[in-house]
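Colleague: Starting off with a structure, shown below.
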Amino acid sequence: MSKRKADSGSQMDMGQAARLNNPDENYVTVLLIGKTGTGKSSAANICIEPSRSQFGETPLMCEKKIRLLRDCRTLAVIDTPGLFHTTISAEEMKREMARCVSMCAPGPHVFLIVIEPKRFSREEQDMVEIIKKLFGDEAARYTMVLFTHGDEMEADGVSAEKLLYFNPSFNKFVSKCQGVYHVFNNNECNSENKKKQVNELVEKIDRMVQRNGGLCYTNDMFREAQRAIDQEMFQMNGQGESIGSRDTAERNNSFVRAVEQTQAVGVADVVKGVRAVREAWCTTQ
């Protein structure tokens, strides 16, 4: 499903895709992946502070929030609770997949896998393989682990380094993510410390992106969504609407509508993949 830049022609295509309406060096897109109950929404809210618009505690729909970073870039955070919710229907899952891809277009800079160390499950150990199945093999190069509840780890006298050293399952899992991880203290109250957590996370994302050629991850599915957004924005702007109508275009465009008939590129395979994963999880609960 995914094609990494193999020659100068494909490299140009990726570059063009990454620069459509999402100015490459001025935008950092984070796609949060993980099961409910891991502190994912709490971590997402830390990322977007001081925004007044917060993620819900247990949302069932994909959500996107943005904030301005200290270097004047825009940080976009997409939470994806519906993709792995075991009670969501197939039709709802299709819509959530469409929303997720459209909100990330032309592609995320990182697939941030949120893990609570005390609740690390067998299903979560397979998360990198799941991401590869859903978004393409090369997506693994853009994965990073976010350990939540770092304050509880600290209270127990356990650092992330110790966790990786003494727990082979954690070590193996993080190694699949290029060995890159970050720790969040979800209960941090000091605003400066919160900013520091986020700034350090963004720095790690930047280094990952540079190792991957300086561009976000993309594939045919994300590119199709981006083209649909561009078309929708062009039509809206032609009718006198504001250039800042990207949010509206992301939520309603030809790509999202095509998903209703499972005609959008890649979505049918992704939906099958998510359903297989969900069914596998249900049998182990």
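The values are calculated or read from the model by the stated rules, or taken from the named source; none is laboratory data. Everything numeric in this text was worked out from a predicted model, so none of it was measured. Positions of Cβ are backbone-derived with ideal geometry, glycine not excepted, and every protein chain shown enters the neighbour counts.
Colleague: Which residue, of GLU25, GLU57, is on the phi < 0 side of the Ramachandran plot, loosely packed, with under 15 Cβ neighbours inside 10 Å, at pLDDT below 85 and in contact with a Ser or Thr (Cβ under 7 Å, 6 or more places away or on another chain)?
Modeller: Selected residue: GLU57, the only one of GLU25, GLU57 that is on the phi < 0 side of the Ramachandran plot, loosely packed, with under 15 Cβ neighbours inside 10 Å, at pLDDT below 85 and in contact with a Ser or Thr (Cβ under 7 Å, 6 or more places away or on another chain).
Colleague: Among the listed residues ILE46, ILE88, identify the single one that is over 13 Å from the mean Cα position of the chain (by Cα), modelled with pLDDT of 85 or more and more than 19 Å from GLU250 (Cβ to Cβ).
Modeller: Checking each option against the conditions leaves just ILE46.
Colleague: Can you find a residue in segment 244-261 that is part of a helix (DSSP H, G or I), surrounded by fewer than 17 Cβ atoms within 10 Å (Cβ to Cβ) and at pLDDT 90 or above?
Modeller: Scanning segment 244-261, I find no residue that is part of a helix (DSSP H, G or I), surrounded by fewer than 17 Cβ atoms within 10 Å (Cβ to Cβ) and at pLDDT 90 or above, so the answer is no.
Colleague: In addition: Name the residues in segment 110-128 that are crowded, with 21+ Cβ neighbours inside 10 Å and farther than 19 Å from PHE184 by Cα, would you?
Modeller: If the condition is that a residue be crowded, with 21+ Cβ neighbours inside 10 Å and farther than 19 Å from PHE184 by Cα, then MET127, VAL128 are the ones that fit.
Colleague: In segment 97-127, which residues are modelled with pLDDT of 90 or more and touching a strand residue (DSSP E or B) at 6+ places or on another chain (Cβ under 7 Å)?
Modeller: Hits for segment 97-127 are MET103, CYS104, PRO108, HIS109, VAL110, PHE111, LEU112, ILE113, VAL114, ILE115.
Listed here are the residues, each with its yes/no results for (1) under 23 Å from GLU203 (Cα atoms); (2) of a type in the set (Lys, Arg); (3) in contact with a Gly (Cβ under 6 Å, 6 or more places away or on another chain); (4) outside any helix (DSSP H, G or I).
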| position | (1), (2), (3), (4) |
| --- | --- |
| MET144 | yes, no, no, yes |
| VAL158 | no, no, no, yes |
| LEU164 | yes, no, no, no |
| PHE173 | yes, no, no, no |
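Colleague: Filter segment 145-163 down to the residues that are surrounded by 19 or more Cβ atoms within 10 Å (Cβ to Cβ) and under 24 Å from the mean Cα position of the chain (by Cα), then identify the one that is farthest from ILE33 (Cα to Cα).
Modeller: So the residue we want is GLY150.
Colleague: Right, something else. Looking at PHE184, is it hydrophobic (A, V, I, L, M, F, W, C), within 24 Å of the chain's Cα centre (by Cα), within 19 Å of ALA43 (Cα to Cα) and buried (at least 16 other Cβ atoms within 10 Å of the Cβ)?
Modeller: Considered against the rule, which asks whether it is hydrophobic (A, V, I, L, M, F, W, C), within 24 Å of the chain's Cα centre (by Cα), within 19 Å of ALA43 (Cα to Cα) and buried (at least 16 other Cβ atoms within 10 Å of the Cβ), PHE184 comes out as yes.
Colleague: Here's another thing I want to ask about it. Name the single residue, out of those in segment 146-156 being under 25 Å from ILE130 (Cα atoms) and in a loop (DSSP other than H, G, I, E, B), that is modelled with the lowest pLDDT.
Modeller: Of everything passing the filter in segment 146-156, HIS149 is modelled with the lowest pLDDT.
Colleague: Also, quick follow-up: Within the set of pairs 6 or more residues apart or between chains, which connect a residue that is closer than 29 Å to PHE222 by Cα inside segment 106-124 to a residue that is among the charged types (D, E, K, R) and in a helix (DSSP H, G or I) with Cβ atoms less than 7 Å apart?
Modeller: PRO106/ARG223; VAL114/LYS40; ILE115/GLU124
Colleague: Assess whether ILE131 counts as being buried (at least 24 other Cβ atoms within 10 Å of the Cβ), modelled with pLDDT of 85 or more, in contact with a strand residue (DSSP E or B) (Cβ under 9 Å, 6 or more places away or on another chain) and not small (Gly, Ala, Ser).
Modeller: Here the answer is no, as ILE131 does not meet what is asked.
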